[in-house]
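Here is the structure we will look at, set down as structure tokens.
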Amino acid sequence: MLLDKAIVGCKADEVEEIRSLGETLERWLTEILNHHRTGASNGSTEGLNLCVKKVNRAGRGFTSFENYRLRVRLHAGGVTWPRCPSPPRIRTRAPRSNE
């Protein structure tokens, strides 16, 4: 397999950084292959983590967890507000004609 050849070549190189790359590729071999087999990624999780960290930095220490949770959901676009009931229609009388 091409990746195995790349790992062997990197680990045999004389430059320390290239050897380190070979060791890293060897350690992550299973995960790399699984990503290419399935297309799975943790990108959405990492994106949500970034969103939560940004809200936390901007919040400067929320005292209420419920407010913090709501702020994160607002920032991430995951809030569905309940629909406000429409106000009752006020019926008025038609003006009387002075005939």
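With contributions of -39500 (n - 2.57) from each DSSP H run of at least four residues, the per-residue ellipticity at 222 nm computed over the chain stands at -19000 deg cm²/dmol.
Sorted largest first, the principal axis extents computed over the alpha-carbon atoms of the chain equal 108, 35, 18 Å.
Going from most exposed to least, what order do ILE90, ILE7 have by accessible area with a 1.4 Å probe?
Numbers: ILE90 140, ILE7 10 Å².
Output order, biggest surface exposure first: ILE90, ILE7.
Shown here for the stretch 1-84: trypsin sites (Lys or Arg not before Pro) in loop regions (DSSP other than H, G, I, E, B) with at most 11 other Cβ atoms within 10 Å, namely ARG60, ARG83. Per-residue accessible area (protein heavy atoms, 1.4 Å probe) orders THR80, THR24 as THR80, THR24, starting from the largest. Surface analysis of the chain yields an accessible area of 93 Å² per residue, using protein heavy atoms and a 1.4 Å probe.
Straight-distance candidates among the aspartates and glutamates for linking to LYS5, with alpha-carbon spacing under 14 Å and chain neighbours fewer than 8 residues away dropped: ASP13, GLU23, GLU26.
Within the chain, the whole DSSP H helices whose Cα atoms reach 15 Å or more along their own axis and whose mean Kyte-Doolittle score is at least -1.0 are 43-59, 65-76.
Leaving ligands, DNA and RNA out of it, rank GLU14, GLU26 by accessible area with a 1.4 Å probe, largest first.
Working: GLU14 165, GLU26 95 Å².
I get GLU14, GLU26, largest accessible area first.
Between TRP28 and LEU2, the simple label model (points 7 Å from Cα in the Cβ direction) yields a spacing of 1.8 nm. The residue list ILE18, PHE65, ASN42 was ranked by how far each Cα lies along the charge dipole of the chain toward its positive end, using unit charges on Cβ atoms, and PHE65 comes out on top. The chymotrypsin sites (Phe, Trp or Tyr not before Pro) of the chain that meet both conditions, a loop assignment by DSSP and at most 16 other Cβ atoms within 10 Å of the site Cβ, are TRP28, PHE62. Can you give the log10 of the normalised intensity I(q)/I(0) at q = 0.14, 0.19, 0.21, 0.25 Å⁻¹, computed with Debye over equal Cα scatterers of the stretch 25-82? Taking Cα atoms of the stretch 25-82 as identical point scatterers yields -0.57, -0.73, -0.79, -0.98.
The values are calculated or read from the model by the stated rules, or taken from the named source; none is laboratory data. Bear in mind that the values here come from a model prediction, so they are computed numbers and not experimental data. Reconstructed Cβ throughout: ideal geometry from the backbone, glycine too, with neighbour counts over all protein chains shown. Accessible surface is based on the protein model in full, side chains and every heavy atom, while ligands, DNA and RNA are left aside. Shrake-Rupley method; radii C 1.70, N 1.55, O 1.52, S 1.80 Å.
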